[in-house]
Amino acid sequence: MTAFKRILYGGDYNPNQWPRETWSEDIELFRKANINSATINVFSWAKIQPSENEYYFDELDDIIDMLSKENYDIVLATSTAALPAWMFKKYPEVARVDYQGRKHKFGQRHNACPNSPVYQRYAQALATKLAERYSGNKNITCWHINNEYGGECYCDNCEKAFRVWLKDRYKTIDAVNKAWNLEFWGHTVYEWDEIVLPNALGEGIGDTATAFAGISIDYCRFNSDSLLNNFKMERDAVRAVSPNALITTNLMGTYKALDYFKWAKEMDIVSWDNYPAYDTPWSMVAMCHDLMRGLKGQPFMLMEQTPSQQNWQAYNSLKKPNQMRAQSYQTIAHGADTIQFFQLRRSVGGCEKFHGAVIGHVGTEDTRVFREVTQLGKELHSLGDELLGASNPAKVGIIFDWENYWALEYTCGPNSDLKYVDQIHQYYEYFYEKNIAVDMIPVDADLSKYNVVVAPVLYMVKDGMQEKLESFVENGGALVTGFMSGIVNESDNVHLGGYPGPLRKMAGVWVEEIDALAPEQCNAIRFADGTESTCHLLCDIIHLEGTESVADYNSNFYASTPAVTKNSFGQGTVFYVGTQLEKQGLEKVLDLVSAESGCKPIIDTTTNLEIVCRKTDKACYYFVINFTKEVLPLPEIFVGKTDLLSKDILTAEYTLAPYDVVLVCVED
């Protein structure tokens, strides 16, 4: 299933920032680069609506007309991510209040209180007017609501809205007191208006800690829902005019503040912005792509990447020759049906003037970046619609859950170095390096399609999760979980009866205590076959309850007690990893999991190349990418095949230099 007729290739375009004589120069260069799409109108609210009752569409009319004549796929944004100055001046209540309790003034972007009725009224009106004016244009392929939703607000509007949200969730004040365990420290509330937002003036302890995790987690849920309601409001305004409109907003990978699985249910297609740092592992980039694909279980849009360098990170390294091309094909390999850049022409001023673009400040095609963009454009054009809508079959599912993310990192203890995304990534990295396909899945996913489900730091086990996981294992699945799992319920209150709470029966272990190790500390581990390794961060002190030990601690006062266990449950198996294993130790455990569950690499060859398969009804498409610093041989299985990108016949002597890519089609 695909939303597009071709691979969209283009990106953010802001001709409104340039004199009109530049527009025709841009179009000529875009033709040479095979660019076929543009995302426009992302930050144009101030120009479109220069005053409360005045709208100006003439320039946007001309931009859309110009792109339509070129038969572009237009991604039309609603411009609501940055408010015009007149709105702040006349209605100061639209401004956000930050975590420290400071009320903001005009400036920056994402600067609107999501619960401001004034902001909501004008944003909805603008979305409606845009839809009424442009929805009949057949070149409007996709509607882009707002931009990179994020941030929080702690103003009076939000406090009142939070109380309404809580009434809807809990019904009674007694239920709130119980959920948040407000007997602790004598914080019982008696009336709804006694509830205040958990910022630095309330229950907050710095930006990442809280006196009462229950209220802070609920605020995260509320804030995510508030911003989602803004998205739905604009979406519905567009859809009221154009019922069949394809509607998205650009997400940001593992961005913490928003529950993207919940958001994805309200989006027609997921899109996201990919900006790895100079030292981001390619496995992390791949994981984020798989997460974005997993939000809806379907292909996604790459809304933004830079063709050369970012401007806002600490160290904004240039992409090396061919790196952008390799990164783009990795994106397509993991499920993208578009490649879009921020930006098409480099801004002349502002904080993003050094952010990379297809057309640099020199304004010509005679640049390395433009040549690479042109090469990629030609290759994508030659592929046509072959890959559109292709799936990424996988037998391994890794659970990613935003409520667990919030709860785990709000926990006061046992170790401040415990980070949710890092824990997920170390497991993903194993499968990535083995070229074993992975789906990133929510806690309510259909688990029956997987041989293995990995659930690291499943700290919050909500109602129904125990039964779902037990059913998966009883029916023959392999579950991998471990320390800091099964600890609390959805309100961050501990599951009594011994850790890991609801997971204790199927894991076959009781965790009596949890030891925290400082960065300079480690413990020794010995596997049953005599192999030795080390561990750090946290160490569960485990009692076996009918299970077997895979590895024991070999140091500290709990030496000779289990560190990793394996339990038969029904027809399946539960592996419990009770400590932070070093990479080689975790690999040894997961090798055992893979062998017992029948999870195999995409090809039966050991290689340091990244190999990904997308599948259609007619064929399998194998992406072979070299993200190492070495020249690597082509796996023998592809010898004699045709590289769809270069059109070369691949020989036994063929090698891939760093950032080389090969794409092979094998018909079913």
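The values are calculated or read from the model by the stated rules, or taken from the named source; none is laboratory data. Keep in mind that this is a model prediction, so the values were computed, not measured. As a convention, Cβ positions derive from the backbone with ideal geometry for all residues, glycine included, and neighbour counts pool all protein chains shown.
When the range 152-173 is filtered for residues that are surrounded by 12 or more Cβ atoms within 10 Å (Cβ to Cβ) and among the charged types (D, E, K, R), the ones remaining, listed by number, are Glu152, Asp156, Glu159, Lys160, Arg163, Lys167, Arg169.
State yes or no: is Gly572 under 18 Å from Glu470 (Cβ atoms), in the same structural domain as Tyr450 (by TED's automatic domain parsing) and surrounded by fewer than 17 Cβ atoms within 10 Å (Cβ to Cβ)? Walk me through it before giving the result.
Numbers: under 18 Å from Glu470 (Cβ atoms): yes; in the same structural domain as Tyr450 (by TED's automatic domain parsing): yes; surrounded by fewer than 17 Cβ atoms within 10 Å (Cβ to Cβ): no.
When the stated conditions are applied, Gly572 does not pass them.
Scanning the range 194-220 for residues that are within 16 Å of Tyr154 (Cβ to Cβ), of a type in the set (D, E, K, R), out of contact with any strand residue (DSSP E or B) (no Cβ under 7 Å at 6 or more places or on another chain) and surrounded by fewer than 22 Cβ atoms within 10 Å (Cβ to Cβ) turns up just one, Asp207.
Could you tell me which of the residues Val241, Val176 is in contact with a helix residue (DSSP H, G or I) (Cβ under 6 Å, 6 or more places away or on another chain), crowded, with 17+ Cβ neighbours inside 10 Å and in the same structural domain as Ala131 (by TED's automatic domain parsing)? First the steps, then the outcome.
Working: Val176 fails: in the same structural domain as Ala131 (by TED's automatic domain parsing).
Answer to the selection: Val241.
Taking the numbered list (1) under 22 Å from Val443 (Cα atoms); (2) buried (at least 19 other Cβ atoms within 10 Å of the Cβ); (3) out of contact with any Ser or Thr (no Cβ under 6 Å at 6 or more places or on another chain) in turn, Leu517 passes all entries but (1). Within the range 245-288, can you find the residues that are in contact (Cβ under 8 Å) with a residue 40 or more places away in the chain, touching a helix residue (DSSP H, G or I) at 6+ places or on another chain (Cβ under 6 Å), over 22 Å from Tyr219 (Cα atoms) and not in a loop (DSSP other than H, G, I, E, B)? The answer is Ile247, Ser283, Met284, Ala286, Met287.
Just to check your reading of the model, which residue among Asp648, Asp660, Asp643 is over 30 Å from Pro276 (Cα atoms) and either in contact (Cβ under 8 Å) with a residue 12 or more places away in the chain or not assigned by TED's automatic domain parsing to the domain that holds Gly297 (or both)? Please lay out each step first, then the result.
Values: Asp660 fails: over 30 Å from Pro276 (Cα atoms); Asp643 fails: over 30 Å from Pro276 (Cα atoms).
None of the others qualify; the one that does is Asp648.
Just wondering, is there one or more residues in the range 91-98 that are modelled with pLDDT of 95 or more, in contact with a Lys or Arg (Cβ under 9 Å, 6 or more places away or on another chain), assigned by TED's automatic domain parsing to the domain that holds Gly350 and basic (Lys, Arg)? Scanning the range 91-98, I find at least one residue that is modelled with pLDDT of 95 or more, in contact with a Lys or Arg (Cβ under 9 Å, 6 or more places away or on another chain), assigned by TED's automatic domain parsing to the domain that holds Gly350 and basic (Lys, Arg), so the answer is yes. Evaluate the following for Gln108: is it more than 26 Å from Pro243 (Cα to Cα) and either not hydroxyl-bearing (Ser, Thr, Tyr) or not in a loop (DSSP other than H, G, I, E, B) (or both)? Yes; evaluated as a whole, the condition is true for this residue.
Which one is farthest from the chain's Cα centre (by Cα), of the residues in the range 64-91 that are among the hydrophobic types (A, V, I, L, M, F, W, C) and closer than 17 Å to Val118 by Cα? Step through it out loud before you land on a result.
If we filter the range 64-91 for residues that are among the hydrophobic types (A, V, I, L, M, F, W, C), which is where we start, we get 64, 66-67, 74-77, 81-83, 85-88.
Filter once more, keeping what is closer than 17 Å to Val118 by Cα: 81-83, 85-88.
On the way: Ala81: 20, Ala82: 23, Leu83: 26, Ala85: 32, Trp86: 35, Met87: 32, Phe88: 32 Å.
Checked the range 64-91; the qualifying residue farthest from the chain's Cα centre (by Cα) is Trp86.
This table checks each residue for (1) surrounded by fewer than 16 Cβ atoms within 10 Å (Cβ to Cβ); (2) of a type outside the set (Val, Ile, Thr).
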position: Trp23; (1), (2): no, yes
position: Asp26; (1), (2): no, yes
position: Pro50; (1), (2): yes, yes
position: Leu83; (1), (2): no, yes
position: Trp86; (1), (2): yes, yes
position: Val94; (1), (2): no, no
position: Gly101; (1), (2): yes, yes
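Quick check on the range 507-525. Is at least one of its residues aliphatic (A, V, I, L, M) and more than 24 Å from His425 (Cβ to Cβ)? Yes: one or more hits.
Against the condition in contact with a helix residue (DSSP H, G or I) (Cβ under 8 Å, 6 or more places away or on another chain), at negative phi and at pLDDT 95 or above, how does Tyr329 come out, does it pass? Working first, answer last.
On the way: in contact with a helix residue (DSSP H, G or I) (Cβ under 8 Å, 6 or more places away or on another chain): no; at negative phi: yes; at pLDDT 95 or above: yes.
Spelling it out, it is not the case that Tyr329 is in contact with a helix residue (DSSP H, G or I) (Cβ under 8 Å, 6 or more places away or on another chain), at negative phi and at pLDDT 95 or above.
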